Every structure is written in C-alpha cells, then in structure tokens.
Amino acid sequence: VNWLYRGKCWRFGDSLGIDGDIMPLRFALAREMDPMVLREHLMCEIDPDFAKRVKPGDLIVGGRRFGQGNPHIQGFLGIRGHGLGLLAESIPRGSFRNAINAGLPFLAPCPNVTTLCETGDDLEVDFSTGRMRNLTRGETHQFQPIEPELRAIVAKGGWKGHVKERLAARSSHQSEAPHNLFGR
Amino acid sequence: MGQTITEKILSRAEGRPVSAGEIIHPVPELVTCHDWYVVNFDRALTELGVDKLFDPSRVLISTDHEPVATTPQSSERQKRVREIVAKYGIKHFYDVGRGGLGHIFPIEIGMIKPGMFIEAYDTHVTNYGAVGALGIALVTEISEVLALGSVWLRVPETVRVNLHGATRPGTSMRDIAQKLIADLGDELVDYCVVEYGGPGLASVDIAGRHALCNTPLEIGAKSALVEPDQATLDYLAPRTSGPIDLVRSDSDARFKAVIDYDLSAIGPQIAMPPTPDNVHSVAKALGTPVHHAFIGSCASGNLTDLEDAAKILKGRTVHPQVRLYVTPATQEVARQAARSGLLEIFLSAGATITQAGCGPCAGGRIGAMAEGETSINTGTRNDVRRLGASGDIYLASPMTVAASAVTGAITDPRSLLEETRS
C-alpha cells in the first residue's frame with residue numbers, strides 16, 4: 001500500500017456536510033457504493049467542475065467537523081474514487097468510521113491544518129507517519145497518524161476487505177466475553 | 001489510575017483492563033436490530049458468504065419502526081424478517097404486539113442489567129444506560145458483529161454530569177435532557193460517554209433516566225449512562241434474578257470534564273427547528289400555531305411521560321385544528337396505561353392511540369405531517385421531513401405537547417396546570 005501522496009492542495013472551510021456539500025444526498029438514499037460512479041459527483045454542489053479538475057494524489061484539506069451530518073459513506077467513497085488523500089482539523093465520529101470503512105487514507109484531527117496551506121499549494125503527505133510537507137511554503141508539519149489497527153483496514157480497501165480477512169481468520173478470534181452478564 | 005464505568009464495562013467485554021483512547025474489539029452480550037434493517041444485514045451477510053451468526057442467542061430483533069404494516073411492501077418485509085429470524089435461529093424475536101420499542105422493553109423485562117455491554121444497529125440504544133449498561137450504535141457495521149462477534153471500538157472518554165436539586169412542577173426530565181445537550185455542546189461531548197450521577201439523580205425515575213440517556217447522541221456523544229444506585233436495584237428487583245453488580249466509576253477515574261447541573265433551575269424548554277440542540281425556553285415560541293402533535297418515542301414514551309400528558313389532558317379536549325397521536329413505547333406501557341385509565345383520558349380528549357413502538361417518529365410512516373404544517377412532539381429529532389412532508393418540527397416535553405395540542409398553539413404547560421389546580 002502506498003501511503004505517500006503528492007499533489008495539489010484543495011482547501012475547504014469548516015462544517016462541510018457529508019450530504020450535500022461533499023456528495024449529493026440522493027446517492028446515499030440510493031445506497032450507491034461504487035467509487036467510480038460517486039467520484040463524478042464529488043463536491044459538485046460546492047464546485048460543479050471539481051471532479052474534472054482533481055488528479056490522483058491531490059489532497060483535500062478540510063476544517064473542523066469535516067463530513068458532519070447523518071453518517072453516510074458515499075462522500076468518502078467519492079474521494080477515494082479519485083485517488084485523493086484527506087487531512088481535516090476534525091471529523092465527527094460517524095464519518096471517521098466511514099472514512100476508515102471507505103478505505104480512504106486520511107489524517108484527523110490535524111489542528112490548524114487549514115492555516116498551514118492553501119488551494120494550489122504543492123503538498124506531500126505520508127499517511128503512515130503523519131508528516132505533511134508544504135513544498136510551496138517550504139514547511140514541514142507533523143500530525144498524529146491513524147492507529148495501525150485502523151490503517152490496516154484502510155490497507156484492505158475498507159470494510160468489506162477487512163471483514164473478509166477476519167472471516168478467513170475466524171478460528172483465531174475470541175468468541176465469548178470472559179464474564180457474560182447475559183444469562184439467558 | 002481508577003476507571004470510569006465505561007472503561008470497566010469495556011474491560012470486561014475485552015477480557016483485559018482498558019482505558020480511554022485504546023482501540024479494542026469488545027464482545028457484546030447482546031446485539032439488537034430493528035425491523036427496518038434486518039433484510040439489509042441479511043443481504044450484507046449473504047454477500048460476505050456468512051450463513052451463521054457468531055451467537056444467535058445474543059441477538060434481539062424488535063418490530064417497532066413499523067409494527068402495523070401500512071403497505072403491501074411492508075407486509076412482505078415483515079414476512080422476510082420472520083424468515084430471516086428463523087434462518088439464523090435468532091433467539092430473541094419480539095414481533096408485532098409483543099415487546100414494543102426495542103430501546104425500552106428489554107430494560108422493562110429485566111434483560112438489561114448494570115454493567116452490560118450492548119451493540120446495536122440503531123442510534124438510540126444509548127437508552128440502555130438508564131440502568132447503567134453501555135449501549136453503542138454501529139449502524140451498518142452491525143453485520144460485522146453479527147458475523148464475528150466484535151468490531152473495533154475506540155474506548156471513549158467520559159464527561160461526568162452531577163445532578164443537583166429536583167425538577168419543579170410543569171418541568172420534566174425531557175426538558176432537562178434537552179436543555180442539557182444544548183448546554184454541554186457538541187465540542188465537549190464529541191465521542192464521549194455522558195455519565196450521570198450526583199445527589200439529584202435519586203429523584204429521577206426510570207422514565208427520566210431514559211430521557212437523560214437518549215438525547216446526548218444527538219450532539220455526537222458515543223453513549224450515555226447513569227451511575228446505578230438504590231433506585232436501579234429497586235427497579236430491577238421484581239424484573240430479574242441473580243446478583244446485580246452496581247458498576248460505578250472509581251473515585252480517581254479520569255473524566256474529560258465534570259459538570260454540575262441544577263435540575264431546579266430549569267423550566268419548560270423547546271427545541272426549535274431544525275436541530276434537537278436548538279433549545280430555548282418555551283417562552284420563545286409561545287403562540288406558534290400547531291397542526292400535528294405526538295407523544296411517545298424512545299425519549300418520552302414511558303408510563304411517566306403518559307401520566308404527565310394526562311395531567312394536562314384530563315377533562316380537556318384537543319383543539320379542533322390539531323390531531324394528537326399518543327404512542328405508548330411498549331406493550332407493557334400500553335397495558336398499564338389501559339389499567340390506570342390513562343387511555344380513557346386520551347381517547348376522551350380526542351387523541352389517537354397507536355400501536356406500541358416508535359410511532360410517527362420513525363420517519364412519519366404513520367401519522368405523518370402534511371406539507372407546510374407545524375408539529376410539536378416528543379420525538380427524538382426535528383430535521384426537516386423527519387415526519388414525512390416538510391414543515392417546522394418543535395420538540396418538547398409531554399406536558400408542553402399536551403398543552404399545545406389543547407390550545408392549538410405552543411403553550412407553557414404551567415398555565416394549564418395552574419388552571420387544573422384552581
């Protein structure tokens with residue numbers, strides 16, 4: 001798995017909604033799960049040409065509460081469909097799980113990251129170590145990487161690949177809590 | 001270093017001591033799912049090639065979102081749910097007319113005990129915190145737990161809320177629960193468990209504890225629970241056998257914050273559109289005409305809630321422009337409401353009683369609003385279209401909803417309670 005991304009910065013503000021801002025709600029309601037379909041509509045309600053302008057390796061930089069709202073996974077699948085990485089000042093819990101389950105390389109929380117770069121900057125991010133280099137500004141910043149256990153899910157391409165692997169290794173997993181209060 | 005209730009519960013479920021921030025795979029003692037997602041998890045499991053659940057004796061399915069099928073499609077879905085329950089051998093199936101609302105009746109029948117760890121499809125499983133259990137919602141990842149018995153979880157931090165004093169007449173724990181989330185704020189409680197304790201907790205009954213544990217997830221809390229106490233033991237004694245371990249936080253447990261909250265300082269509240277934490281004193285919305293009213297839901301569908309509503313509705317009638325739906329949360333609440341005469345009060349007032357369950361709050365499948373109407377209700381959320389068509393939704397206590405249904409406009413229930421007394 002390649003954790004090193006280099007590309008153009010696309011900076012957004014605070015509280016981008018998962019439904020609407022990042023991906024039109026209709027794809028969540030239709031339970032569309034194909035990243036190649038969803039990529040065409042990424043951020044289209046903010047910038048209709050966004051999907052045409054981004055290139056693989058580019059980096060979305062979000063502010064606080066990136067992906068807020070009813071936790072639907074489609075927006076994160078759309079980001080992955082383009083081969084983009086994501087850094088955000090914060091991601092609400094439901095969307096954090098969805099970003100993992102979508103198999104998306106990301107860093108969050110990244111305090112003040114929206115002040116450390118702007119749209120058009122040349123960025124290099126190592127998602128396994130949390131290091132961000134802003135080559136335009138000549139600065140390097142360090143964030144906390146996602147835990148290894150969660151990066152392993154991303155490395156499997158997301159939830160489905162991860163669960164398939166767990167199912168294959170099922171025999172080695174714990175199947176009962178040590179003291180079960182549920183005596184029925 | 002001591003542990004919080006949440007850390008203790010998760011330590012037992014993980015089989016080793018854990019603390020906030022760790023990534024773990026705790027094994028739940030119960031997994032719950034409602035009627036609207038059973039077909040979906042079956043499809044997900046089938047796609048993964050799974051034909052056996054990790055432990056069907058720990059799985060509970062409740063038909064509460066649409067107990068009375070309203071279309072041929074929903075009758076077909078109910079049939080599929082029964083087939084799927086049989087296929088996997090799921091042990092705890094509470095179909096139409098049996099349990100009722102799945103976040104409430106398992107507590108009522110003594111299935112949920114202090115210290116238990118439960119995972120669920122639906123978000124409001126946090127209600128199980130009313131007896132000191134930890135309920136965590138997983139939404140679609142429920143399929144992973146059903147197949148494998150666990151899913152990753154980051155041990156949440158805890159925000160401790162110490163309650164003081166007691167509520168004043170005309171104010172209920174629903175008002176407190178609503179105001180509390182607005183006061184705590186999403187910044188503080190994001191991914192935390194809200195733990196209630198303090199001297200004021202003793203005066204809060206089981207219905208009030210449900211309300212307290214129901215609202216925090218609306219602002220991003222992972223769950224909520226009360227520190228189990230003598231009232232918990234008294235509640236559980238007739239419902240369950242065997243020893244009960246009152247799992248409490250250690251005196252040196254680490255909390256993200258400790259908040260003191262005075263129950264006597266709060267009057268009737270109202271959550272204005274479009275979010276449950278847009279909470280103001282009811283005074284701010286007085287006189288707003290309403291067309292649709294509903295009392296029930298996992299936040300406010302217990303017997304105490306119906307008794308509160310009946311205090312207002314007794315001897316009065318619902319305003320001609322308003323339709324009022326009353327949904328007892330469970331079959332048992334409905335039975336007690338019948339026995340104690342509450343249903344007679346509601347029916348005499350012109351209210352409509354619906355089958356036990358979620359009622360209109362489950363997406364407005366029954367008793368929906370029409371376009372441009374205004375609703376006041378005790379449901380959990382007031383997003384646009386939560387109850388079908390678009391229109392303003394106000395959330396309030398059962399007393400405030402009942403008072404507003406009587407006058408046809410948003411009303412401070414204390415004005416009608418005073419009339420009742422005089």
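All of the numbers you see were taken from the coordinates with simple rules; none came from a lab. Predicted model, so just to flag it, every value in this text is computed and none were measured. Backbone-built Cβ (ideal geometry, glycine too); neighbour counts: all protein chains shown.
Note on B:139-152: average number of Cβ atoms from other chains within 10 Å of each residue's Cβ is 5. Per-residue Karplus couplings for the stretch B:277-287, computed as 6.51 cos²θ - 1.76 cosθ + 1.60 with θ equal to phi - 60°, are listed in order as 9, 8, 9, 9, 4, 4, 4, 5, 10, 3, x Hz, Gly and Pro entered as x. Across the stretch B:79-200, Cα-Cα pairs more than 22 Å apart make up 48 percent of the total.
Derived scalar couplings between HN and Hα for the stretch B:369-376 equal 7, 9, 3, x, 7, 10, 10, 10 Hz in order, rounded to whole Hz, by the Karplus curve 6.51 cos²θ - 1.76 cosθ + 1.60 (θ = phi - 60°), x for Gly and Pro. Could you state the number of Å between the C-alpha centres of the stretch B:347-422 and the stretch B:289-343? Computed from Cα coordinates, the inter-centre distance equals 9 Å. Remark: C-alpha extents of the stretch A:47-180 on the principal axes read 54, 32, 25 Å, sorted largest to smallest.
Remark on the stretch B:261-380: hydrodynamic radius 15.1 angstrom, per the Kirkwood mean of 1/r across alpha carbon pairs. Both radii come from the Cα set of the stretch B:337-404: Rg as radius of gyration, Rh as Kirkwood radius; their ratio Rg/Rh reads 0.99. Checked against a 24 Å cut-off, the cross-linked pairs B:LYS52/B:LYS91; A:LYS55/A:LYS156; B:LYS222/B:LYS311; A:LYS156/B:LYS256 give Cα-Cα distances beyond that limit for B:LYS222/B:LYS311; A:LYS156/B:LYS256.
For the residues A:PHE76, A:PHE12, A:PHE50, what sequence is obtained by ranking on other C-beta atoms within 10 Å, fewest first?
Details: A:PHE76 31, A:PHE12 19, A:PHE50 16.
Ordered by Cβ neighbours within 10 Å, fewest first: A:PHE50, A:PHE12, A:PHE76.
Taking all Cα-Cα distances within the stretch A:119-175, those exceeding 15 Å account for 63%. Distances between every pair of Cα atoms in the stretch B:309-422, grouped in 10 Å steps from 0 to the bin holding the largest one, split as 15, 46, 33, 6, 0 percent.
Among beta bridges from DSSP that stay inside chain A, the antiparallel ones total about 55%.
Per the Cα gyration tensor, the stretch A:67-112 maps to an equivalent ellipsoid with semi-axes of 15, 13, 8 Å, ordered largest to smallest.
Along each principal axis, taking the top coordinate minus the bottom one, the Cα set of the stretch A:1-52 gives 33, 27, 21 Å in descending order. Share of pairwise Cα-Cα distances greater than 24 Å in the stretch B:17-163 is 31 percent (whole percent). Here the Gaussian network model covers chain A, with springs between Cα atoms less than 10 Å apart; of A:THR115, A:THR129, A:THR140, A:THR115 fluctuates the most. With the convex hull of the Cα atoms taken as the outline of the protein assembly as shown, the averaged projected area works out to 26.8 nm². Proximity of backbone amide H atoms, modeled 1.01 Å from N, is registered between B:THR158 and B:VAL193, B:LYS256 at under 5 Å, excluding neighbours fewer than 5 places apart on the same chain.
Computed on the Cα trace of the stretch B:221-327, the radius of gyration divided by the Kirkwood hydrodynamic radius gives Rg/Rh = 1.05. Annotation: the residues B:VAL318, B:VAL326, B:VAL194, A:VAL154, sorted from fewest to most other C-beta atoms within 10 Å of their own C-beta, follow the order B:VAL318, A:VAL154, B:VAL194, B:VAL326. Note on the stretch B:119-147 and the stretch B:1-49: Cα centroid distance 7 Å, given to the nearest whole angstrom.
Look at where the Cα atoms of the stretch B:56-98 and of the stretch A:67-145 average out, and the two centres are 41 Å apart.
Please state, to two decimals, what the Cα-based radius of gyration of the stretch A:1-121 comes to when divided by 2.2 N^0.38 Å (N = residues). Walk me through the numbers before you get to the answer.
Numbers: Rg = 12.7 Å, N = 121, 2.2 N^0.38 = 13.6 Å.
Its radius of gyration relative to the 2.2 N^0.38 Å reference: 0.93.
The DSSP beta bridges internal to the stretch B:264-397 are antiparallel in roughly 25% of cases. Under a model in which nothing but the beta-carbon of Lys, Arg (+1) and Asp, Glu (-1) is charged, chain B shows a dipole of about 840 debye around its Cα centre.
The convex hull defined by the C-alpha atoms of chain B has an orientation-averaged projected area of 19.5 nm².
Once both labels are positioned 7 Å from their Cα atoms along Cα-to-Cβ, the gap between B:ASP205 and B:HIS280 label points is 3.2 nm. Between A:ARG170 and B:LEU246, the C-beta separation translates, for a Förster distance of 35 Å, into a calculated FRET efficiency of about 0.45. What residues of the stretch A:65-89 lie in the reach of a label at A:ASP47, counting those whose backbone N is under 20 Å from a point 7 Å from the Cα along Cα→Cβ? Residues passing the 20 Å test: A:65-68, A:75-89. Cα-based values for the stretch A:95-136, radius of gyration first and Dmax second, are 11.6, 32 Å. Residues whose amide H falls under 5 Å from that of B:VAL59, counting only those 5 or more places apart or on a different chain, are B:VAL31, B:LYS91, B:HIS92, with hydrogens built in the peptide plane.
The DSSP beta bridges internal to the protein assembly as shown are antiparallel in roughly 30% of cases. Highest mobility in the GNM of chain B, judged by mean-square fluctuation with C-alpha springs under 10 Å and restricted to B:GLU187, B:GLU141, B:GLU218, is found for B:GLU187.
Which order do B:MET399, A:MET132 fall in if you start with the one that has the fewest other Cβ atoms within 10 Å?
Neighbour counts put them in this order, fewest first: A:MET132, B:MET399.
When chain B is treated as a GNM with alpha-carbon contacts under 10 Å, the residue of B:ASN40, B:ASN127, B:ASN377 showing the greatest mean-square fluctuation is B:ASN40.
With a Förster radius of 56 Å applied to the beta-carbon distance between B:THR71 and A:LYS55, the computed FRET efficiency rounds to 0.75.
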